[in-house]
Amino acid sequence: MAPATPDDLNAIATLLNASALPLDGLREHVGAALVARQDGAVVGSAALELYGGAALLRSVAVAPALRGQGLGQQLVRAALRLARERGAGEVYLLTETAAPWFERLGFAPIARDAVAPAVQ
């Protein structure tokens, strides 16, 4: 995993589009994004929106040909480490399609009003 740069935004956008994930706000949070590369190409991403002591995990995507090999888990774990390093004690995410996958990584469903106000 490596920190993303503004030059990675187009490749990340391609991954997010392939996964039907939103692009809104990604540019503003590229400083807290990670990428995985294979042969120099971006093949995975995970990003954080940092709000003081809380963060929103977003933009977790892996190239379709590499799914199921643990790369997504590595990206999420690296993003969680980055969140801790940057002072976020709570990390939230929004998902409509991958809740069981994130639950295997320790996330649990909560009511929207239980989310830290800074993240809301």
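The values are calculated or read from the model by the stated rules, or taken from the named source; none is laboratory data. Predicted model, so just to flag it, every value in this text is computed and none were measured. Cβ coordinates were reconstructed from backbone atoms using ideal geometry, including for glycine residues, and neighbour counts include every protein chain displayed. Accessible surface is based on the protein model in full, side chains and every heavy atom, while ligands, DNA and RNA are left aside. Shrake-Rupley method; radii C 1.70, N 1.55, O 1.52, S 1.80 Å.
Going by alpha carbons, how many degrees (0 to 90, nearest 10) lie between the helix axis of 71-85 and the longest principal axis of the chain?
50 degrees
How large is the accessible surface per residue of region 2-114, computed with a 1.4 Å probe and reported in Å² as a whole number?
With all protein chains present, region 2-114 gives 57 Å² per residue.
Pop out the carbon and sulfur fraction of the accessible area of the chain as a percent, whole number, probe 1.4 Å.
51 percent
Could you tell me the calculated FRET efficiency between A41 and A118, based on Cβ-Cβ distance and R0 = 25 angstrom, to the nearest 0.05?
It comes to 0.10.
Which of the listed residues, L71, N17, A118, is farthest toward the dipole's positive end in the chain, when Lys, Arg count +1 and Asp, Glu count -1 at the beta-carbon?
L71
Against the longest principal axis of the chain, how steep is helix 9-18, in degrees 0 to 90 to the nearest 10, with axes from Cα atoms?
It is inclined by approximately 80 degrees.
Considering only C-alpha atoms, what is the centroid distance from region 74-120 to region 2-48, in Å?
18 Å
Can you show me the helix-derived [θ] at 222 nm for the chain, built from DSSP H runs with n ≥ 4 at -39,500 (n - 2.57) apiece and divided by the number of residues, rounded to the nearest 500.
That calculation yields -7500 deg cm²/dmol at 222 nm.
Mind checking Rg over Rh on the chain, alpha carbons, Kirkwood formula for Rh?
Checking Rg against Rh, the ratio lands at 0.94.
How large is the dipole of region 5-49 about the Cα centre if only Lys and Arg carry +1 and Asp and Glu carry -1, each at its Cβ, rounded to the nearest 20 debye?
The calculation lands at about 80 debye.
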